[in-house]
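The values are calculated or read from the model by the stated rules, or taken from the named source; none is laboratory data. In this text the structure is predicted, and so the values were computed from the model without any measurement. For neighbour counting, all protein chains shown are included, and Cβ atoms are generated from backbone atoms with ideal geometry for every residue, glycine included.
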Amino acid sequence: MASALPDPSQPALSVVSARGVVKRYGSTVALAGLDADIGPGITGLLGSNGAGKTTFISLVLGLRSRDAGELTVLGHDPATAGIEVRSRMGYAPEHHDLPAELAATDLVRHLSEMHLLPQRAAVQRANDALWLVGLGEERFRPVGTMSTGQRQRVKLASAIAHDPEVVLLDEPTDGLDPMQRTEMLDLIRRIGTEFGMHIVISSHHLEEVERICDAVVIVEGGEVVRAGTLADLRRGPAGLVVEVDERADELASILRARGYNITVEGDVLLLGGEDGVHDAVRDGVADLGIGLRRLGTRGRTLEDVYMGGAT
Amino acid sequence: MSVGQDARLFDLGYRAYDGPRERPARAILTLALFTMRRVLGLGRGGRHKVLPAITLAIAYLPALTSVAFSVLANNIVATDLITYGDYMFIIGSALALFAALVAPEALCPDRRSGMLGLYLAGPLDRNRYLLAKGLGVLAVMLLITVGPLLFMLAANVIAGFGPSAGETPKLLLRIAAAGLVTALLYTSLSMAVSSFTTRRAAAAVAVVLLLLVPASVVRPAIDAGAPNALDLLSFPFVVFDLSYRIFGEQPGDDAPVRELATWVVAAGVGAAIAAGALVCWIRYRRIEAFR
Amino acid sequence: MSTVEPRVVAENVSKWFGALVAVSDVSFDIGAGITALLGPNGAGKSTMFRMLCGLARPSKGTVRVLGRDPRADTGVTRMIGLVPQQESVFEPLTARQFVALSARLHGLGDPERAAGAALEQVGLDPFDRRRLPAYSKGMRQRVKVAQAIIHDPAVLVLDEPLTGLDPRQRADLVVLFRRLGSEGRCVIVSSHVLDEVERLGSQVLVMSQGRLAAAGDFRELRALMDDRPMRIRVRTDRPRELAGALLERGTAVGVRLDGDEVLELDTRDARALAHALAPVARDRHARLYEVNPLDADLEGVFRYVVQR
């Protein structure tokens, strides 16, 4: 099986590259000069509804034309080479409207053929894709009889069955309950890491993006406000988090008396990571005879990055 | 391999696709074929085949009856059989019914269900989509226009009134022309109507109305003094008349369109076909398929 | 608002539609503060919600909101504020006009002023002249909340209230909801996004297969999951010594060593382990770098509860 890891000797592939992209609908400006570089791996497009994510996706797919700026997708301009671009991509839209009468296998097979797979290959790959997303016998049922969770999986299967280079997923966990959400995210992570497809997930769920993405592009008001790999973005001074089951303020006093800088939030203390802090905490807790629920370093989370605002 | 050799674990993981891929234009053909199958009810439950089957049966009935007649009867005279020119006129209702079934089924559900968006998110654009749909609908309409005419040819041959070797290519060409132009008109008009609504039933009714109402309004108007040229709006009768002319026959009645020169009638039909296609194209340019 | 604590009480509530049992013998008693109603799709949550709001009648059992039947007693609906999931049809009104409309429907005196106050509470500008269709989804969501709290309801019902919002908008609303809850209102939230629910509070009701599968503080629920020992991950410079000591004392019932520094301890008494860790580590001169209970978050509890 071919390795999906990027070859370090090759220059980094740009999946999507945008410079100054503008899109207006009448007097509303949906994208106000968006700059972004989306590379290989799993990238999250993070922003609230109305921030411009869906508009950007429509431009990437060449389904709408932009008013200004440059956009390159897999080396082509979707405005002029839309057909070429779309033949190499898979897409799962946000909405759940699918033809009700078609059985899931027929739908996925047909869409694979429409994405230029030869007939026999389409049959086989549709079958494989549906098993992969966890639709076993349900695949023969009409899509109209399926639950939201099953539909999300059908959409995912149709997006990947033709083995595209890039898959665009718009709110793939919408409507799913917590367990289904976890399964879907794990599945997407697998697809992105093992199968050699680049994935772009458009979502407003920060925790989900943080969980499975390698890089993130944060969109707000039609512009990119932060972007980068998760590793880079989360770099920052590490602190220590201590959660106890009672008397947090007393523990804080003890530690302050020893010269440490502390903030207290309920049962949780936050300290800087200076020398000797671990033992000081341990001893303070032992002396007070309280319970130590949690201890650990706390790097920046994506939320910190987000709330920190644009650089 | 036989059991007893070295045990092997097979990897059921994902397999990338390294095989050949079709060219983008292939998607047009795929969609056209898919559309044809869907509107004829193939690959769907039995009840979706009923109406198309009945309509086709009605359309072929005169031809098949003629064939049977030719085979069984004695002393047939040429005028016993239905003429080619007459045929389209005779099965006019079946044609209307078929058109009202096919185009709405081909176009409306895609817009209703979000499928159009999924198609356009692939190697298709709106023009190619319409082309594919148009080809699919046209191919199916040809089944009901050229098909029966070919059966009539068989009936004539069996009865001994078939064309001579020299005349055959010309006759076949005429059959093709008449069948094609009739199918084109019905395809174009029914697709134009279907581009206005996502409800199949409403589109079907509208198609039938379009094929009935203009003629019933125009003809009395002409009787009351309006110019004959107005009769070019009497679809589908204009194309039936063109059919007669293609076969060099005289129709039985004296509709106003008879008064018009052949090139005028042909131009009128051509204009109607173009107009329908244009309307459909314009409607589809505006539809918001991406949500 | 009255000084009596608002309560929402369900007693042996069942609801069926023909042969389909949506809710089966559910009882709970919700007081002031924020309570999350959770469950897989099809567990009966939405039906339960509808019954709480008086939109459906139980087939069996009783629902009492503030002591009254929300279905029969239309007066009590004036004390309930509902933020529904569906996107409302927003007329081309300004936010203030829209919220004032709600005030009028509730028969409030001086609806304009009340609307202004409610909008300020949710962090919107009451003097914004823009019409609602021009608002972003996050702002529209806040308008929905303003509309729901304008009559100062004792009970607030929120159905997926944080959908579509970015983390900043979400954080603002979380602060608002927590404040509303701490003001003595009974706030009931339904959501599928557990990360968001965790920020609102720790009181949960979990439904599964139409029945109530769990109720209470989810951290305490974890401790109750006694057929599954809690697993705590510890990173220390002396894992074997620490593990040995804890096993000897009986505080840990199982241990797994992972590399040179990491221990995974199983325990049936998380509280005892939490109290033993620091003193035992000190005693054995072991430095503690990390202590992390695995599977103790809301997601872990949820998964356990619905999979039983």
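Any residue in the stretch A:255-273 that is away from every other protein chain (no Cβ under 12 Å), part of a helix (DSSP H, G or I) and more than 19 Å from C:VAL291 (Cα to Cα)? The answer is yes; a qualifying residue exists.
All of A:THR72, A:THR105 fail the test of being among the polar types (S, T, N, Q) and over 22 Å from B:LEU29 (Cα atoms), apart from A:THR72. If the condition is being free of Cβ contacts under 8 Å to residues at least 40 places away in the same chain, facing chain B (nearest Cβ under 9 Å) and within 23 Å of B:ARG44 (Cβ to Cβ), then the stretch A:109-123 contributes A:HIS110, A:GLU113, A:MET114, A:GLN119.
Take the conditions within 12 Å of chain C (Cβ to nearest Cβ), part of a loop (DSSP other than H, G, I, E, B), in contact (Cβ under 8 Å) with a residue 24 or more places away in the chain and surrounded by fewer than 19 Cβ atoms within 10 Å (Cβ to Cβ) and apply them to A:GLU246. Does it pass? In short, yes. Filtering the stretch A:76-98 to residues that are surrounded by fewer than 20 Cβ atoms within 10 Å (Cβ to Cβ) and in contact with a Ser or Thr (Cβ under 8 Å, 6 or more places away or on another chain) leaves A:ALA79, A:GLU94, A:HIS96, A:ASP97. Of the candidates A:VAL209, A:VAL225, A:VAL200, A:VAL242, the single residue that is over 18 Å from C:THR163 (Cβ atoms) and within 12 Å of the chain's Cα centre (by Cα) is A:VAL200.
Of the residues making up the stretch C:206-239, those that are assigned to a helix (DSSP H, G or I) and of a type in the set (Lys, Arg) are C:ARG219, C:ARG222. Of the residues B:ALA215, B:ALA192, B:ALA226, B:ALA202, the single one that is of a type outside the set (Lys, Arg), in a loop (DSSP other than H, G, I, E, B) and either out of contact with any helix residue (DSSP H, G or I) (no Cβ under 7 Å at 6 or more places or on another chain) or more than 16 Å from B:LEU149 (Cβ to Cβ) (or both) is B:ALA226.
All conditions but one from (1) acidic (Asp, Glu); (2) under 20 Å from the mean Cα position of the chain (by Cα); (3) within 9 Å of chain B (Cβ to nearest Cβ) apply to A:ASP106; the one that does not is (2).
Scanning the stretch A:137-172 for residues that are of a type in the set (Ser, Thr, Tyr) and at pLDDT 95 or above gives a single hit, A:SER158. Within the stretch C:32-48, the set of residues being part of a loop (DSSP other than H, G, I, E, B) and either away from chain A (no Cβ under 11 Å) or on the phi > 0 side of the Ramachandran plot (or both) comprises C:ALA32, C:GLY39, C:GLY42, C:GLY44. When the criteria are applied in full, C:THR251 fails the requirement of being without any contact (Cβ under 8 Å) to a residue 60 or more places away in the chain, within 11 Å of chain A (Cβ to nearest Cβ), farther than 21 Å from C:ARG303 by Cβ and touching an Asp or Glu at 6+ places or on another chain (Cβ under 8 Å).
The listed residues are B:ARG174, B:ARG128, B:ARG219, and the only one of them that is farther than 14 Å from B:ALA100 by Cβ and either modelled with pLDDT of 95 or more or among the polar types (S, T, N, Q) (or both) turns out to be B:ARG128. Within the stretch A:162-183, the set of residues being buried (at least 23 other Cβ atoms within 10 Å of the Cβ), more than 7 Å from every other protein chain (Cβ to nearest Cβ) and without any contact (Cβ under 8 Å) to a residue 60 or more places away in the chain comprises A:THR173 only. Scanning the stretch C:145-157 turns up no residue that is closer than 26 Å to A:GLU94 by Cα, surrounded by 17 or more Cβ atoms within 10 Å (Cβ to Cβ) and within 12 Å of another protein chain (Cβ to nearest Cβ). The sole residue among C:THR47, C:THR74 that is of a type in the set (Ser, Thr, Tyr) and loosely packed, with under 14 Cβ neighbours inside 10 Å is C:THR74.
The set of residues from the stretch C:87-139 being within 14 Å of chain A (Cβ to nearest Cβ) and of a type in the set (S, T, N, Q) comprises just one member, C:SER136. Determine whether the stretch C:298-306 contains at least one residue that is of a type in the set (Gly, Ala, Ser), within 11 Å of another protein chain (Cβ to nearest Cβ) and under 25 Å from C:LEU224 (Cα atoms). Taking every residue of the stretch C:298-306 in turn, at least one turns out to be of a type in the set (Gly, Ala, Ser), within 11 Å of another protein chain (Cβ to nearest Cβ) and under 25 Å from C:LEU224 (Cα atoms).
In the condition set (1) surrounded by fewer than 16 Cβ atoms within 10 Å (Cβ to Cβ); (2) at pLDDT below 85, B:LEU278 is compliant with all but (2). Screening B:GLY13, B:GLY45 for residues that are within 7 Å of chain A (Cβ to nearest Cβ) and surrounded by fewer than 18 Cβ atoms within 10 Å (Cβ to Cβ) leaves exactly one candidate, B:GLY13.
If you filter the stretch C:199-236 down to residues that are of a type in the set (D, E, K, R) and facing chain A (nearest Cβ under 10 Å), you find that the one that is nearest to C:LYS45 (Cα to Cα) is C:ARG219. Does A:GLY134 meet the test of being at pLDDT below 95, surrounded by fewer than 23 Cβ atoms within 10 Å (Cβ to Cβ) and within 10 Å of another protein chain (Cβ to nearest Cβ)? Judged against the criteria, A:GLY134 is not a match. How do the pairs read when you match residues in the stretch C:1-30 that are surrounded by fewer than 13 Cβ atoms within 10 Å (Cβ to Cβ) with residues anywhere that are part of a strand (DSSP E or B), using Cβ under 6 Å and keeping only pairs 6 or more apart or on different chains? Every condition considered, the pairs that remain are C:ASN12/C:ASP25; C:ASN12/C:SER27; C:ASN12/C:GLY61; C:ASP29/C:VAL9.
Of all residues being surrounded by 15 or more Cβ atoms within 10 Å (Cβ to Cβ) and not hydrophobic (A, V, I, L, M, F, W, C) in the stretch A:25-44, which is farthest from the chain's Cα centre (by Cα)? Just the residue, please. If we take residues in the stretch A:25-44 being surrounded by 15 or more Cβ atoms within 10 Å (Cβ to Cβ) and not hydrophobic (A, V, I, L, M, F, W, C), then A:GLY33 is farthest from the chain's Cα centre (by Cα).
Quick one: C:VAL175 ticks every box in (1) surrounded by 23 or more Cβ atoms within 10 Å (Cβ to Cβ); (2) more than 10 Å from every other protein chain (Cβ to nearest Cβ); (3) within 23 Å of A:GLU210 (Cβ to Cβ) except a single one, so which number is it? Result: C:VAL175 fails condition (1) only. Among the residues making up the stretch A:1-41, a single one is out of contact with any strand residue (DSSP E or B) (no Cβ under 8 Å at 6 or more places or on another chain), at negative phi, within 14 Å of chain B (Cβ to nearest Cβ) and at pLDDT 65 or above: A:TYR25. The listed residues are A:THR72, A:THR55, and the only one of them that is away from every other protein chain (no Cβ under 14 Å), hydroxyl-bearing (Ser, Thr, Tyr) and not in a loop (DSSP other than H, G, I, E, B) turns out to be A:THR72. Taking A:ALA92, is it within 12 Å of another protein chain (Cβ to nearest Cβ) and within 23 Å of the chain's Cα centre (by Cα)? Yes; evaluated as a whole, the condition is true for this residue. Can we say C:LEU82 is of a type in the set (A, V, I, L, M) and part of a loop (DSSP other than H, G, I, E, B)? When the stated conditions are applied, C:LEU82 does not pass them.
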